[in-house]
Amino acid sequence: HTSRTMRNVAIVNLLAEGLEFDGPSDRGLYQANRRAMHWLVDELPPGRTQILTMRVHATKAGQYQHIVTAKADGSPEVRSVGTITVEGIAGLSMKVIDRDNPLEVGRETVYEIQVANPGTTPSTNVKLQVQFPPGLTPRSAQGDTRYTVNQQTVVFDPLPALGPNGEAIYRVSAVAQATGDQRVRFAVVSDQVQTPITREKGTWVYRD
């Protein structure tokens, strides 16, 4: 605290390894080689508070030191250290493999769905849904949880937890009923990833 106006206040925020820079506000300048965010405040009157922000994201769980220094004309440098705790990140990814493409009318095919968690903490209540077009009729399914078939939709019961770097394999079979490009839609969600991860797989069905 001071009774005079501070001039040319230079603030530096050092970014710890494991945190990545997303963007500043207040006309800050980021130096990637030093992993340092710089701001310059021309004047700071007595009793005035200046709020400066920057956006970062964590690449892994852990504790990170947050170091900020500030210096003004005629004043010594001050330093502040805080700790940021990142508990972890849960994610979802999905890959679909079709075994028979093209497929003859009346034949059965199997779709393999690989659901993975590339994050650092478990993804919980992972739920997979497969929607078939009228030209493909679902017949059976296989996975780590039970499933139900409601007309053209196959829904798997939620998987309680998918661990970090874990993978769950599902298989769904269907019989071709009509010719043409049959588009199958896959969607997976979890407690942590509530916007569905979606994929679409086209199977060309022909009549011999």
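Would it be correct to say that V81 is open to solvent by 40 Å² or more (accessible area, probe 1.4 Å), hydrophobic (A, V, I, L, M, F, W, C) and in a strand (DSSP E or B)?
The answer is yes for V81.
I need the full set of residues from the stretch 180-195 which are farther than 20 Å from V110 by Cβ, of a type outside the set (D, E), open to solvent by 20 Å² or more (accessible area, probe 1.4 Å) and in contact (Cβ under 8 Å) with a residue 12 or more places away in the chain, in order please.
Of everything in the stretch 180-195, those that are farther than 20 Å from V110 by Cβ, of a type outside the set (D, E), open to solvent by 20 Å² or more (accessible area, probe 1.4 Å) and in contact (Cβ under 8 Å) with a residue 12 or more places away in the chain turn out to be V189, Q192, V193.
May I ask you to list the residues in the stretch 125-179 that are among the charged types (D, E, K, R) and more than 22 Å from D100 (Cα to Cα)?
Once the filter is applied, which keeps residues that are among the charged types (D, E, K, R) and more than 22 Å from D100 (Cα to Cα), the stretch 125-179 yields K127, D144, R146, D157, E167.
Show the residue pairs meeting these rules: Cβ distance below 6 Å; 6+ apart or different chains; first residue within the stretch 151-176 and under 20 Å from K95 (Cβ atoms); second residue among the aromatic types (F, W, Y) and assigned to a loop (DSSP other than H, G, I, E, B).
As it stands, the answer is A174/F132, since those pairs meet every condition given.
Taking the stretch 123-140 as the region of interest, how many residues are part of a strand (DSSP E or B) and open to solvent by less than 20 Å² (accessible area, probe 1.4 Å)?
Of the residues in that region, 6 qualify.
For the structure I just gave you, tell me whether T120 is surrounded by 14 or more Cβ atoms within 10 Å (Cβ to Cβ), polar (S, T, N, Q) and modelled with pLDDT under 95.
yes
Of all the residues that make up the stretch 170-208, how many are in a loop (DSSP other than H, G, I, E, B), modelled with pLDDT of 95 or more and more than 32 Å from the chain's Cα centre (by Cα)?
Qualifying residue count for the region: 3.
Under 30 Å from V12 (Cα atoms), touching a residue at least 24 places away in the same chain (Cβ under 8 Å) and assigned to a strand (DSSP E or B), is that true of I89?
Considered against the rule, which asks whether it is under 30 Å from V12 (Cα atoms), touching a residue at least 24 places away in the same chain (Cβ under 8 Å) and assigned to a strand (DSSP E or B), I89 comes out as no.
Here is a yes/no grid of residues against (1) open to solvent by 40 Å² or more (accessible area, probe 1.4 Å); (2) part of a strand (DSSP E or B); (3) at pLDDT below 85:
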site	(1), (2), (3)
R34	yes, no, no
T49	yes, no, no
Q65	yes, yes, no
M94	no, yes, no
V110	no, yes, no
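The values are calculated or read from the model by the stated rules, or taken from the named source; none is laboratory data. Just so you know, these numbers come straight off a predicted model, no measurement behind them. So basically every Cβ, Gly included, is an ideal-geometry build from the backbone, and we count neighbours across all protein chains shown. The protein model used for the area step is the full one, side chains on, heavy atoms only, and it has no ligands, DNA or RNA in it. Shrake-Rupley method; radii C 1.70, N 1.55, O 1.52, S 1.80 Å.
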